[in-house]
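K.L.:
Dropping a structure here in structure tokens format, bear with me for questions.
The values are calculated or read from the model by the stated rules, or taken from the named source; none is laboratory data. Just so it is clear, the model here is predicted, and its values are computed rather than measured. All Cβ positions, even for glycine, are placed from backbone atoms using ideal geometry, and neighbour counts span all protein chains on display. We work out accessible area using only protein heavy atoms, side chains counted, and drop any ligands, DNA or RNA first. Shrake-Rupley method; radii C 1.70, N 1.55, O 1.52, S 1.80 Å.
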Amino acid sequence: MQRILQELNRNAERWLLLVFYTMLVATMFIEVLRRELLSYSSIWGEEIVRYSFIYLAWIGAAAAVRERGHIRIDVIMHYVSPRIKALLYLFGDFVMVAVSVVALYYSYETVHVSAKFGSVTDGLRISRVW
């Protein structure tokens, strides 16, 4: 059980990114074919692509934070002492925490309103809270 949890901890984001990216590309491909060949498109295809992209972006951002893969100027890191390098990493982490808190605050308000009024997506009729 411990080994499975460690493996999930290491690779869960990658597998989720693969799933959402595959779902996005496959649905978009099918919808383009349907639109061009059959002159028909569905509303659920657009929603699947939209929400797959949203989850792809958020999970990708989490994976980038975990691997310290966000945009930064790496050339500075080669010329500073290990102590300054550690301080720069800590500063970057604090900035990411601040951005996350702001995103969480504004997301919470939107999710709370959606839950309160029971709003659902247009095509799939799934609760917008998710």
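K.L.:
Using a 1.4 Å probe on the protein heavy atoms only, what accessible surface does Leu16 show? Give it in Å² to the nearest 10.
P.N.:
Its heavy atoms expose roughly 80 Å² to the probe.
K.L.:
Once the piece of chain linking Phe94 and Phe53 is laid out straight, how much longer is it, given 0.36 nm per residue of separation minus the C-alpha distance between them? Walk me through the numbers before you get to the answer.
P.N.:
On the way: separation 41, 0.36 × 41 = 14.76 nm, distance 2.66 nm.
Result: 12.1 nm gained on full extension.
K.L.:
Continuing with this model, one more query. How far apart, in nanometres, would the label points at Arg10 and Val80 be if each is projected 7 angstrom from Cα along the Cα-to-Cβ direction?
P.N.:
If labels sit at Arg10 and Val80, their model points lie 3.1 nm apart.
K.L.:
Can you tell me the Rg and the Dmax, both Å, for the Cα atoms in the chain?
P.N.:
Reported Rg and Dmax, both Å: 19.9, 63.
K.L.:
Right, next: Based on the alpha-carbon set only, what is the convex hull volume of the stretch 66-130 divided per residue, in Å³?
P.N.:
Details: hull volume 7.1 nm³, N = 65.
Output value, Cα hull per residue: 109 Å³.
K.L.:
Charges on Cβ only, +1 for Lys and Arg, -1 for Asp and Glu, centred on the Cα centroid of the chain; of Val75, Trp58, Thr110, which one is farthest towards the dipole's positive end?
P.N.:
After comparing all options, I get Val75.
K.L.:
Return, ordered by residue number, the residues of the stretch 78-122 whose backbone nitrogen is under 17 Å from a label point located 7 Å along Cα→Cβ of Arg68.
P.N.:
Within reach of a label on Arg68: 78-97.
K.L.:
Suppose only helical runs count, i.e. DSSP H with n ≥ 4. What mean residue ellipticity at 222 nm does that imply for the chain under -39500 (n - 2.57) per run, divided by all residues and rounded to the nearest 500 deg cm²/dmol? Walk me through the intermediate numbers first.
P.N.:
Working: 3 runs with 96 residues, N = 130.
Helices in the chain give a 222 nm mean residue ellipticity of -27000 deg cm²/dmol.
K.L.:
Leu33: accessible area at probe 1.4 Å, nearest 10 Å²?
P.N.:
Surface open to solvent at Leu33 totals about 70 Å².
K.L.:
Treating only the Cβ atoms of Lys and Arg (+1) and Asp and Glu (-1) as charged, compute the dipole magnitude of the chain about its Cα centre; round to the nearest 20 debye.
P.N.:
On the way: 14 positive and 11 negative charges, 71 e Å.
Magnitude of the dipole: close to 340 debye.
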